[in-house]
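The values are calculated or read from the model by the stated rules, or taken from the named source; none is laboratory data. Worth saying up front: this structure is predicted, and the values here are computed from it rather than measured. Heads up, the Cβs are rebuilt from the backbone with ideal geometry, glycines too, and the neighbour counts pull from every protein chain shown. The area values use the complete protein model at the heavy-atom level, side chains included, leaving out ligands, DNA and RNA. Shrake-Rupley method; radii C 1.70, N 1.55, O 1.52, S 1.80 Å.
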Amino acid sequence: MTIDEAPRDVLRGGPRELLRWVATGAAVSRADLSRLSGLSPSTVSQRVEALISQGLLEETGAGRSRGGRRPRQLAVPTGGAVVGAIDLGAHHARVGTLDLSGRVVQARTLPVRIEDGPEAVLGALLAEVTTLVGGDSAASADGSAADALRGVGIGIPGPVQHSTGRIVSPSRMPGWNGFDVAAFCAGRVDVPVIVDNDANLMALGAHRTAHSELDHAVYIKAGTGIGSGVISSGRLHRGAQGSAGDISHCRVVADPAPPCTCGNAGCLEAVASGAALVTALRGQGVQVSDLTGVIRLIDDGDRQATALARQAGRAVGEILAVVVNFFNPQVVAIGGRLADCEPLLASMRATLYERCLPLATQTLLIERVAAGQDVGITGAAHLVIDHVVAAA
Ligand SMILES: [Zn+2]
């Protein structure tokens, strides 16, 4: 499903922002919304009515009177509407339900065998979403699970063609190439399903959570794979097909240049991803089973693992310097399991400063993504909420 986000200036005081102000308690009445948005009372009323008719807002009792008729209070319905979110990784998936303000209601991590193929993996994860929604609505007043779920957002650790929701030539996902995720899911849940790349969803989740006041941001996701998501003028920038931000097959300086799954050699993914670190360490005769083992070695100050982490950080910094020079973001944030790896972060930062124009780095923030393990499902939920609000 294609979701066209409105330009940022249209979003100021737009339905999504009105909803967020009520959800966060910044506004409890139409008058508050009018004051915060600068919109006329009649425009606010029109938008509020639309949100109420969609069940996204409700009016509760009467607020405190400041003389005259007591205003009715606005609230986001509790125990009611939720969106489902799935953040699929190479070995685990984070699955959750979130309310319409983007707050996590329930979330759990499930082990995943990506090689079992898309039908088995996505079928099980969608069933988990349905179970969570059933639990949420059983605790609510009306207990109607079917009505409670408004949509499902899914993050995939590979390239996703945005217009169709199809996966295109992913690394390390045998059996997933060309799979139509949206169509498969549409046959299983009766709500909109929106599919995107996991780095895009991390970017959206991190931006909405920590940097919503910044217009230009780049988020690197460094886990088993490596990718990035770009926020431009306050919106997720996907490019023509949805591949914007995919830095995994950019060439970096590496000698020898390790072969990549794409058929080339010396790609960023083949040098700096978690999977590349596991392969390189094994090649040096170190017994390590997965990325967790690599991170443990780095934390313990293992010489070989630390050297590889520094090399990976330089490679990420090299590509990121091109991105920063070209795009001039206000913040660059790194998330994923390698984000806590200090030697990688230090050499990435040093390379970035060395290779960037002073004007590009003068006020550039370089940070870790702060939102933790729920950042992906938060981004997935916001994708769906934007769609639900736009439809309202
Ligand atoms: Zn490659």
Notebook entry, point to check: Using θ = phi - 60° and the Karplus form 6.51 cos²θ - 1.76 cosθ + 1.60, what ³J(HN,Hα) does each residue of segment 191-197 get, whole Hz, x for Gly and Pro?
Noted result: 9, x, 10, 10, 10, 8, 5
Margin query: With only alpha-carbon atoms in the gyration tensor, what are the semi-axes of the equivalent ellipsoid for segment 239-362, in Å, largest first?
Written below: 25, 17, 13
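Around ALA217, under 12 Å between beta carbons, what's the net of Lys plus Arg minus Asp minus Glu among the other residues?
Values: positive: ARG208, ARG235; negative: GLU213, ASP215, GLU367.
In short, -1.
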Next item on the list: Evaluate the distance, in nm, between pseudo-label points positioned 7 Å from the Cα of THR43 and of HIS216 along their respective Cα→Cβ axes.
Entry: 2.7 nm
Item checked: Cβ-based net charge around GLY313, under 11 Å, with every Lys or Arg adding one and every Asp or Glu removing one -> +1
Next item on the list: State whether the chain is rounded, prolate or oblate according to the following rule on the C-alpha gyration tensor (a ≥ b ≥ c being the square roots of its eigenvalues): a/c under 1.5 gives rounded; otherwise a/b larger than b/c gives prolate, and the remaining case gives oblate.
Entry: prolate
Notebook entry, point to check: Which helices count as membrane-span-like in the chain under these terms: full DSSP H, at least 15 Å along the axis by C-alpha, Kyte-Doolittle mean of -1.0 or more?
Noted result: 41-53, 118-138, 198-210, 303-327, 342-355, 375-391
Notebook entry, point to check: In the chain, with Lys and Arg counted as +1 and Asp and Glu as -1 at Cβ, which of these residues, GLY234, MET202, ILE156, has the Cα nearest the positive end of the dipole, that is, farthest along it?
Noted result: GLY234
Margin query: Below 8 Å between Cα atoms, with a sequence gap of 6+, how large is the relative contact order for the chain in percent?
Written below: 16 percent
Notebook entry, point to check: Cα gyration tensor of segment 204-248, axes a ≥ b ≥ c as square roots of the eigenvalues: rounded (a/c below 1.5), prolate (a/b > b/c) or oblate?
Noted result: oblate
Notebook entry, point to check: Which one of ALA127, VAL44, GLY175 is farthest out on the positive end of the charge dipole of the chain, using unit charges on Cβ (Lys, Arg +1; Asp, Glu -1) and the Cα centre as origin?
Noted result: VAL44
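Taking only protein heavy atoms and a 1.4 Å probe, what accessible area per residue, in Å², does the chain have with all protein chains in place?
Details: 17480 Å² over 392 residues.
Ligands and nucleic acids excluded, the result is 45 Å² per residue.
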Check: By the scheme Lys and Arg +1, Asp and Glu -1, what is the net charge of all other residues having a beta-carbon under 10 Å from that of ALA93?
Finding: 0
Next item on the list: Report the charge-dipole magnitude of segment 85-136 in Debye, nearest 20, computed about the Cα centre from +1 at each Lys and Arg Cβ and -1 at each Asp and Glu Cβ.
Entry: 180 debye
Next item on the list: Heavy atoms only, probe 1.4 Å: what % of the accessible area of segment 248-322 goes to carbon and sulfur, would you let me know?
Entry: 50 percent
Item checked: Inter-label distance for ALA120 and ARG188, nm, one decimal - labels placed 7 Å from Cα along Cα-to-Cβ -> 1.3 nm
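Which value, in debye to the nearest 20, gives the size of the charge dipole of the chain about its Cα centre, when Lys and Arg are +1 and Asp and Glu are -1 at the Cβ?
The calculated dipole for the chain is roughly 880 debye.
Considering only the chain, what is the antiparallel percent among its DSSP beta bridges, to the nearest 5?
Numbers: 31 of 50 bridges.
Around 60 percent antiparallel, to the nearest 5.
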